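Enquirer: My questions will all concern the structure given below.
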Amino acid sequence: MNVVVVKDEEQLQDAYHIRTVVFVEEQKVPIEEEIDQYEQEATHFVMYDQNQPVGAGRLRHVDGMAKIERICILPNYRKTGAGKVLMEKIEEVAKELHVTEAKLNAQIQAEGFYKKLGYLTVSGQFLDAGIPHVTMKKTLT
């Protein structure tokens, strides 16, 4: 599997497709909440298996931190290590931006996944798009 920083419209559409399948179709997040006002400022990532898009995410620079968002993997690729590979690439790019801390809002069901990657929960539960989340942070070294 290969993770790329989105460089063209076709790759961006691949990322949006994965996000739509996972968040809009599977988790019933309204499309107008999923595709938001931060798309233009974000660095987008897409994961390919051969030439098929299977995962996506985005990175923004917010308040001096790397804000990791919209991490999603197609169902058939979950529990395969794909999510870890995607997160490692995003963190690598964040470090290249000389950011020392990453922050994300994790769905409760994914909190354990992020803990295994070194993230610590720093908030109580809250709802985002009707789904329970927690904020998590990690020092990037």
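The values are calculated or read from the model by the stated rules, or taken from the named source; none is laboratory data. Keep in mind that what you see is a predicted model, and the values were worked out from it rather than measured. Glycine gets a Cβ as well: all are built from the backbone with ideal geometry, and neighbour counts include every protein chain shown. To get the accessible areas, we keep the full protein, side chains included, count just its heavy atoms, and leave off ligands, DNA and RNA. Shrake-Rupley method; radii C 1.70, N 1.55, O 1.52, S 1.80 Å.
Enquirer: Out of everything in the range 35-51 that is crowded, with 18+ Cβ neighbours inside 10 Å and not aliphatic (A, V, I, L, M), what residue ends up being farthest from ILE90 (Cα to Cα)?
Expert: Our first condition is that a residue be crowded, with 18+ Cβ neighbours inside 10 Å; within the range 35-51, this holds for 42, 44-47.
Remaining after also requiring not aliphatic (A, V, I, L, M): 44-45.
On the way: HIS44: 9, PHE45: 8 Å.
Among residues in the range 35-51 that are crowded, with 18+ Cβ neighbours inside 10 Å and not aliphatic (A, V, I, L, M), the one farthest from ILE90 (Cα to Cα) is HIS44.
Enquirer: Separate question: Keeping to the range 103-122, report how many residues are among the hydroxyl-bearing types (Ser, Thr, Tyr) and open to solvent by 40 Å² or more (accessible area, probe 1.4 Å).
Expert: Our first condition is that a residue be among the hydroxyl-bearing types (Ser, Thr, Tyr); within the range 103-122, this holds for 114, 119, 121.
After this cut, where a residue has to be open to solvent by 40 Å² or more (accessible area, probe 1.4 Å) as well, the list is 121.
Number satisfying all stated conditions: 1.
Enquirer: In the range 58-77, what count of residues is obtained for those that are under 11 Å from the mean Cα position of the chain (by Cα) and either within 16 Å of GLU26 (Cα to Cα) or without any contact (Cβ under 8 Å) to a residue 40 or more places away in the chain (or both)?
Expert: Matching residues across the range 58-77 total 9.
Enquirer: Sticking with this one: If you scan the range 85-119, which residues turn out to be at pLDDT 95 or above and among the acidic types (Asp, Glu)?
Expert: GLU88, GLU91, GLU92, GLU101, GLU111
Enquirer: Output yes when any residue across the range 72-81 is open to solvent by less than 30 Å² (accessible area, probe 1.4 Å), within 22 Å of THR135 (Cα to Cα) and either in contact with a Cys (Cβ under 8 Å, 6 or more places away or on another chain) or aromatic (Phe, Trp, Tyr) (or both), and no when none is. Break it down into steps so the answer makes sense when it comes.
Expert: Initially, the range 72-81 is screened for residues open to solvent by less than 30 Å² (accessible area, probe 1.4 Å), giving 72-73.
Keeping just the survivors that are within 22 Å of THR135 (Cα to Cα) gives 72-73.
Those still in the list that are either in contact with a Cys (Cβ under 8 Å, 6 or more places away or on another chain) or aromatic (Phe, Trp, Tyr) (or both) too: none.
No: the range 72-81 contains no residue that is open to solvent by less than 30 Å² (accessible area, probe 1.4 Å), within 22 Å of THR135 (Cα to Cα) and either in contact with a Cys (Cβ under 8 Å, 6 or more places away or on another chain) or aromatic (Phe, Trp, Tyr) (or both).
Enquirer: For the structure I just gave you, tell me whether VAL122 is of a type in the set (Val, Ile, Thr), modelled with pLDDT of 95 or more and over 28 Å from PRO30 (Cα atoms).
Expert: no
Enquirer: A follow-up question, please. Considering the range 1-10 alone, what residues qualify as being touching a residue at least 12 places away in the same chain (Cβ under 8 Å) and surrounded by fewer than 18 Cβ atoms within 10 Å (Cβ to Cβ)? Break it down into steps so the answer makes sense when it comes.
Expert: Initial filter on the range 1-10 (touching a residue at least 12 places away in the same chain (Cβ under 8 Å)): 1-6.
Scanning the range 1-10 gives MET1, ASN2, VAL4, VAL5.
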